[in-house]
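Here is the structure we will look at.
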Amino acid sequence: MLSASFFSGLSLASSLAGAEAPLPVQAPPGTGQQALSVFVSGQDIAAASCAAAPCTAAPVALGLPASLRGRPARGDVVSLGSGRRAVVVTVASGPQTWKAVVAAPLVPGAPKVLFAGLVGLLQGQEGTRSGPMVQVSEPAADGTRRVLVGEEHEAVSLCGRPTILAPQLLSPADLELHAAKVQRLSVAERDAARAVTAVRIPDEEPSHAARSVLGALAASSARGAPQALTDGDPETVWSENVGGDGKGEFVTLHAPAELPISGLELTIRPKLAPLPEGAAPERLFIAGPREVVAVTLPEDAWKSPGARYRVTLSPPLQSGCMALVLDTAFTQSKTAQVSVAELSVLSELSASQLPELVAALAGGGQRAEASKSLLIAGGAPAFAAVAQAFDSLDEGGKRVALTVLDQAPCEQSAPVYVAALTGKIEAQARHAQSRLGRCGSAGGEALAQALTKADKTDKRVLPLLVSQLTLTDPARAVTAYLPLMDEKTVLRRRLLRTALAQAARTAPAEKAVRAALADPATSAVALVDLLRALGDQAPRYQPESGQALQRIAKTSAEFRTRFLLLGPAAALSSRDASAEAAFRKSLSADPSPHVRAAALALVREPKRFQGELLKALEDGDVRVREAAVQALGSPDAAFAGTALGARLEKDEWPLVRAAVADALAKHPASAALDEPLTSALGDDSSLVRARSVRALGERRVTSAAGRIRDRLEDADEWPEVRAEAARSLGVLCDDDSADILAAFAKKLTDPMASPDAQLIGAASVQALGRLAQPQLAKQLAPLLDKKAPPQAHRAAATALQARVTCRKR
């Protein structure tokens, strides 16, 4: 320990001058504070306190690392204010620096060691290192300084300035460390900052700022990600996370080093996103490595959601690093979160620079990425230059050019997106598809123009344009497609008609559809296809759709028109008297059997058209009669039961009789209808017999089970009829047929079984599964034998797992 005579030889004036001095150093007593001496003690450094310096009694060792013992040690006596002091000790050698912060206590006792240890980037990997930090501020006007203890992070700095994070301030009040808000910019920098007042931009004025040019890298504190500040979305927000006015909290930003930034656009509060504790800055700094601009907001922006503010920078800032640093706020609430929603740049590039920047996009490499940021910042002239050069760029250049144009207004970018959509590079076509959908009418205009110029025989490009236009701008799609309708181009009309149907289902297209229906200038071919495209949506477009149908029916009576208008007439028949009259005429009085049959296929409400349907049952054309029968295959058509039964007995065509059997299967239970079906089991046509067997099963006519079993056992019967009989016996839950079904099922075990035997056997297994008798497993055991063919295994497994059975009804 050094003697008292050594301390007496040290000038107090040098210790209090606010500069480091070799140890020993001492701080005289202050207001309510003991004196303090800090000195070398053997291989360590120690501190002692007493009533009056020098102090030697009861020293406290500060724990200097062995690697730094014997190295020069210096002390700095810091005036904290309120007449109190602390000493900051520094020992450095090569990459190592050790610091200690010591203060004499307020009552007699041991010194207060507030920090002692190595400082600097001590932990982590290269690029993400961190460690403790001790910082002493420059003197204020009264000579006082602040002592801060916190952390530093390699990835977080204020454009090269030493930056302390999570700072704790040594308070002169109690000589303890307390969390603090610290302005990281020096007093000298703040005093010398260029002062600018932001100007509010009128709400109706479009933004001329380039988004996504700046890139947020890190923040001193943040609620959420700091990248929200530069993500191009004014609804996302960076908020500081220390409360109050957020003084000194900052976000560091990457900026293109080659870009002269002549202005900034600030959005403080999102227009929609809620932020209950949000608050607006009153003053902030924009800092580069050397230059600092102080920006004052003209109003409390938190009272104006979505408001934008322009900051003019003259001369422009130009640096690869920028930082937004908070200073004061319009609130002092401790729970406030001072926030900024978006920061974007304004820049002015000369026309002579643009060709070189556009040319640099070629290849899509690092040079292209650097040029991209400058072009985005160049605004409308740069976007126009990129759009003009797009076709001449290579694949990599086009890729980067598209990302440039993503920041342009749709009026400039949409034509280029269309070019990319129809190009041969799939990734760029997908990029264009995702962007065109957001462009609305501007995208629709570009697509419509391309459609007009496109080769209508191109089977790749035409569908692409049609599909995208329908999605992007349905209203423009209607007006663009109708002129392209050509009676001779069937495939094209089908494509356009499908697209029209999709567009017509959207609200934006409704006005355009009604206008086209009402316009006398709409060609007959286009009008027919428009009505067909509406389909079941036609009633929604009344009265225009009904009037259009009536108008075209009067002007054209040819077969094509009558046939193609059947769908629209059927759809409108419940809402439009003229359409209903036309449809009824088509059902029973049209001169063409093709029209009559097609009309009958469109009937959905048999009761409404009883007369026409019953008349059609007697039509001289077989296809018309078949269509009439099929239209009557509904429980609502019970009125036609007797007529159908008669048709089953007397129609000369098997396909009509078979259709009657199918129709009667859907009619309500009635012995009067069961009789003709039972009689039809003896029909000359195997098709009719098979359909009748099925109908009897579906109608649950158990009295016919014996006749159906006869069909199954008749070796001379057609296999299809016998298979249908087996299935129907299962549907009828005819337990008396179980043994017969099991016998036929067993034939599936024969690997050489004929196709007919396999057909009947499979149907029998299905029926056994439906019967689900207690002995089902025994009945199917032969099929599950390991020697049985795979198809037998599958059939048996399916039957054992049947969900609908006679035991579960």
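The values are calculated or read from the model by the stated rules, or taken from the named source; none is laboratory data. Predicted model, so just to flag it, every value in this text is computed and none were measured. Every residue, glycine as well, gets a Cβ built from its backbone with ideal geometry; the counts of neighbours run over all protein chains shown. The accessibility values were calculated without ligands, DNA or RNA, using every heavy atom of the protein model including side chains. Shrake-Rupley method; radii C 1.70, N 1.55, O 1.52, S 1.80 Å.
Could the peptides 160-170, 419-429, 186-196 be put in order, highest first, of the mean number of other beta-carbon atoms found within 10 Å of their residues? Don't skip to the end; give the middle numbers.
Working: 160-170: 18.5, 419-429: 16.1, 186-196: 13.6.
Highest-to-lowest ranking by the protection proxy: 160-170, 419-429, 186-196.
Return the percentage of antiparallel bridges among DSSP beta bridges fully within the chain, rounded to the nearest 5 %. It would help to have the intermediate numbers written out before the result.
On the way: 92 of 98 bridges.
Roughly 95 percent of the beta bridges in the chain run antiparallel, per DSSP.
State the extension gain, in nm to one decimal, for the chain segment bounded by Ser137 and Lys334, taking 0.36 nm per residue of separation less the distance between their alpha-carbons. Walk me through the numbers on the way to the answer.
Working: separation 197, 0.36 × 197 = 70.92 nm, distance 2.48 nm.
Full extension of this stretch gives 68.4 nm more.
Counting Lys and Arg as +1 and Asp and Glu as -1, each charge on the Cβ, what is the dipole of the chain about the Cα centre in debye, to the nearest 20?
It comes to approximately 940 debye.
What shape does the range 100-204 take by its C-alpha gyration tensor, where a ≥ b ≥ c are the square roots of the eigenvalues and a/c under 1.5 counts as rounded, a/b above b/c as prolate, and the rest as oblate? All intermediate terms of the calculation are to be shown ahead of the outcome.
Numbers: a/c = 2.63, a/b = 1.47, b/c = 1.80.
Verdict is oblate for the range 100-204.
Send over a whole-number figure in Å² for the accessible area per residue of the range 194-317, probe 1.4 Å.
Values: 5000 Å² over 124 residues.
Roughly 40 Å² per residue, with all protein chains present.
Indicate the gyration tensor shape class of the range 702-809 (rounded, prolate or oblate), computed on the Cα atoms with a ≥ b ≥ c the square roots of the eigenvalues: a/c under 1.5 is rounded; otherwise a/b larger than b/c is prolate and the rest oblate.
On the way: a/c = 2.06, a/b = 1.12, b/c = 1.85.
Oblate is the answer for the range 702-809, as a/c is 1.5 or above yet b/c matches or exceeds a/b.
Would you calculate a helix-derived [θ] at 222 nm for the chain, using -39,500 (n - 2.57) for each DSSP H run of n ≥ 4 and dividing by the full residue count, to the nearest 500? Walk me through the numbers before you get to the answer.
Working: 32 runs with 320 residues, N = 809.
The helix contribution divided over the chain gives -11500 deg cm²/dmol.
Keeping the other protein chains in place, figure out the carbon and sulfur percent of the accessible area of the chain, with a 1.4 Å probe. Provide the component values of the computation, followed by the final result.
Values: 19200 of 36270 Å².
With neighbouring chains kept in place, the figure for the chain is 53 percent.
Would you please give the FRET efficiency between Ala155 and Glu395, computed as 1/(1 + (r/R0)^6) with r the Cβ-Cβ distance and R0 = 35 Å, to the nearest 0.05?
Numbers: r = 34 Å, r/R0 = 0.98.
That pair, Ala155 with Glu395, gives E of 0.50.
Return a whole-number percent for the relative contact order of the chain, with Cα pairs under 8 Å and 6 or more residues apart as the contact set. Let's see the in-between values first.
On the way: 1664 pairs, mean separation 39.1, N = 809.
Computed value for the chain: 5 percent relative contact order.
I'd like to check one number: the per residue accessible area of the range 356-434, probe 1.4 Å, reported in Å² as a whole number. Intermediate results must be reported in sequence, preceding the final value.
Working: 3410 Å² over 79 residues.
Dividing the accessible area of the range 356-434 by its residue count gives 43 Å².
Taking the chain as the reference, fit the longest principal axis to its C-alpha atoms, fit the long axis of helix 755-771 to the helix C-alpha atoms, and give the angle between the two in degrees, 0 to 90, nearest 10.
For helix 755-771, the angle is close to 70 degrees.
Filter Lys398/Lys424; Lys424/Lys459; Lys271/Lys372; Lys459/Lys488 down to the pairs with a C-alpha to C-alpha distance above 18 Å, please. Display every interim value, and only then the final one.
Values: Lys398/Lys424 12 Å; Lys424/Lys459 14 Å; Lys271/Lys372 29 Å; Lys459/Lys488 16 Å.
Beyond 18 Å: Lys271/Lys372.
Principal axis extents for the range 499-570, Cα atoms only, whole Å, descending order, please.
Sorted from largest, the Cα extents of the range 499-570 read 34, 22, 20 Å.
Determine the principal axes of the Cα atoms in the chain, then give the extent along each, sorted from largest to smallest and rounded to whole angstroms.
138, 75, 47
If you find the alpha carbon centre of the range 213-265 and of the range 348-400, how far apart are they in angstrom?
About 26 Å separates the Cα centre of the range 213-265 from the one of the range 348-400.
Put a dot 7 Å past each Cα toward the Cβ at Lys607 and Asp785; how far apart are the dots in nm?
It is 5.8 nm.
So how compact is the range 16-115: Cα radius of gyration and Dmax in angstrom?
12.7, 39
Taking Cα atoms, how many degrees apart are the long axis of helix 366-377 and the longest axis of the chain, rounded to 10 and kept between 0 and 90?
Here the helix axis deviates by roughly 90 degrees.
Going by average Cβ neighbours within 10 Å, how do the peptides 771-778, 124-131, 719-726, 608-615 rank, with the highest at the top? Don't skip to the end; give the middle numbers.
Details: 771-778: 14.6, 124-131: 11.6, 719-726: 24.2, 608-615: 17.8.
Averaged packing, sorted descending, gives the order 719-726, 608-615, 771-778, 124-131.
Roughly how many Å² is the accessible area per residue of the range 622-780, as a whole number, for a 1.4 Å probe?
Values: 6820 Å² over 159 residues.
Using a 1.4 Å probe on heavy atoms only, each residue of the range 622-780 averages 43 Å².
According to a simple spin-label model (label point 7 Å from Cα along Cα-to-Cβ), what is the distance in nm between Glu20 and Ala515?
Roughly 7.9 nm, to one decimal.
For helix 719-731, what angle does its Cα long axis make with the longest principal axis of the chain, in degrees from 0 to 90 and rounded to 10?
Tilt of helix 719-731: around 70 degrees.
Using heavy-atom solvent-accessible surface (probe 1.4 Å) with all chains present, what is the largest-first order of Trp302, Trp718, Trp238? Walk me through the numbers on the way to the answer.
Details: Trp302 30, Trp718 145, Trp238 0 Å².
My answer, sorted largest first, is Trp718, Trp302, Trp238.
Report the full-extension gain for the segment Leu118 to Arg430: residue separation times 0.36 nm, less the Cα-Cα distance, to one decimal in nm.
Numbers: separation 312, 0.36 × 312 = 112.32 nm, distance 5.45 nm.
Fully extending the segment from Leu118 to Arg430 adds 106.9 nm.
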